[in-house]
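Below is one structure; the comments refer to it alone.
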Amino acid sequence: MALPLVAIVGRPNVGKSTLLNRIVGRRAAIVEERPGVTRDRKEVEADWQGQPFVLVDTGGWLPGGDTLDEQVSRQSERAMAAATAVLFVVDASVGVTEEDARVAALLRRGGAPVLLVANKVDDSGREHAMWELVSLGLGDPYPVSALHGRGTGDLLDALVAHLPAAPDDVVVEEVEDDRIFSVAIVGRPNVGKSTLFNRLIGDERAVVHDRPGTTRDSIDTVVESDDGPIRFIDTAGMRRKSKIDEGTEY
Ligand code: GDP
Ligand code: MG
């Protein structure tokens, strides 16, 4: 069972990446670019109040589009297609721009719940600025300061209320969902799963991300192939209750 995907969308410079880093905290270290990455898409596992999810920073999902319209819709549609929930970030210190309004229009038509994030509300004196965002038609905004952490707890409380609860004992054997084709490598401990995993992904240039999965006892890597992205899942073995330390398997 795949973790719920939470997409962070919004125009450049509103604070999407800062918000991602704020939410993942110590784990931000695993959000890193690797040589050969073909697109600037960052996925990282996070959790709040025991609810795990995958955050997707959509910052780089704008290649190819010629017009602003095309770029905005590519980013937003892609995010919506994959996401269980969307964090739509707007810079409250700037107010609503035309680009924000276009993203909002697309998000309103999508099926995923959208939480409207009024970012850069660094202190209570700036809170009044967030009310302009109500005009986007996505409900009341959550005022936050991604930089300082203000308000992010309330935002995350609201977010996890939209996510399906994860079973606490999950063994991944085969996963295929409508977002990405996934291949799980299963077998007894020490038969060479991680070696096979590393061989499968090692020759590929375009490893998008590595995600140590402490909750699922598995490690995912998404590889770009000619047929689209494939997620390889290196399971820790058939031990239901075991926990592996991050990084010990490869
Ligand atoms: P992105 O392009 O949407 O990913 O935006 P970034 O996360 O790269 O942030 C753009 C700029 O806004 C950076 O200089 C951040 O330091 C700044 N920034 C992000 N969040 C906040 C915030 O809550 N308050 C303030 N004052 N600045 C912020
Ligand atoms: Mg960014």
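Coordinate-derived values only; no laboratory data. This is a predicted model, so every value here is computed, not measured. Because the Cβ atoms are built from the backbone with ideal geometry, glycine has one as well, and the counts that use them run over all protein chains shown.
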Exercise. Once you have the Cα-Cα distance between ALA158 and SER124, take 0.36 nm times their residue separation minus that, and quote the gain in nm to one decimal.
Key: 10.2 nm
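Cβ neighbours within 10 Å, averaged per peptide: list 105-114, 83-92 in order, most packed at the top.
Result, highest mean first: 83-92, 105-114.
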Practice problem: Give the order of ARG11, ARG78 when sorted by the count of other beta carbons within 10 angstrom, beginning with the fewest. | Solution: ARG78, ARG11
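Taking 0.36 nm per residue of sequence separation and subtracting the Cα-Cα distance, how much length would be gained by fully extending the chain between SER135 and LEU147, in nm to one decimal? Before the final figure, lay out the partial values.
Details: separation 12, 0.36 × 12 = 4.32 nm, distance 2.47 nm.
Contour length minus Cα-Cα distance gives 1.8 nm.
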Quiz item: Residue by residue, what Karplus-based ³J(HN,Hα) values in Hz, rounded to whole numbers, does region 103-108 have, using 6.51, -1.76 and 1.60 with θ = phi - 60° and x for Gly and Pro?
Solution: 4, 4, 4, 5, 5, 5
Self-check item: Computed lengthening from VAL191 to GLU77, 0.36 nm per intervening residue step minus Cα-Cα distance
Solution: 36.9 nm
